[in-house]
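Contents: one structure, followed by commentary.
The values are calculated or read from the model by the stated rules, or taken from the named source; none is laboratory data. Please read all numbers here as calculations on a predicted model, not as lab measurements. Please note: Cβ atoms are built from the backbone with ideal geometry, for glycine as well, and neighbour counts cover all protein chains shown. Just the protein is used for accessible areas: all its heavy atoms, side chains included, with ligands, DNA and RNA removed. Shrake-Rupley method; radii C 1.70, N 1.55, O 1.52, S 1.80 Å.
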Amino acid sequence: AGARLGKGGGYSDLEFALAAEARLVGEWTVIATTVHPAQVVEKGRIPMTAHDFPVDLVVTPDEVVATAGGHRRPAGIVWDHLDPDRIAAIPTLQRLRPP
């Protein structure tokens, strides 16, 4: 369905959200990831939150899979999912944070 798991911490989602805020990426941007075949799981097995960016393509050594979709992309940064320490640690977030 396009849900994915990363290493944790939400850094990939935050990088994509920053690019979305800058209008460098959007609904027209294809998001792909490479995985080992053992990492592909059934639809619905990976939880998604409002700040998660789903993938459109999953690439293994043997195949390219177009995901079924069903998950909405965030329009940009989901500010209420960021704690003050994360914002303080990333200068770009400090500059973009709404008043």
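Brief remarks on what is shown
- Nearest-ten-degree value, helix 11-21 long axis tilted from longest Cα axis of the chain: 70
- When the trypsin sites (Lys or Arg not before Pro) in region 1-78 are filtered for DSSP coil states and for at most 10 other beta-carbon atoms within 10 Å of their beta-carbon, the remaining sites are Lys7, Arg23, Arg45.
- Tail fraction, Cα-Cα pairs, the chain, threshold 15 Å, whole percent: 63
- Accessible area (Å², 1.4 Å probe, nearest 10) - Phe53: 10
- Cβ-Cβ distance of Leu96 and Lys7, R₀ of 25 Å, FRET efficiency by 1/(1 + (r/R0)^6): the value works out to about 0.60.
- Accessible surface of the chain, 1.4 Å probe, proportion on carbon and sulfur as whole %: 54
- Centre-to-centre, using Cα atoms only, region 17-47 and region 64-99 are separated by 13 Å.
- Residue-count net charge about Ala19 - beta-carbon cut-off 12 Å; Lys, Arg +1, Asp, Glu -1: -1
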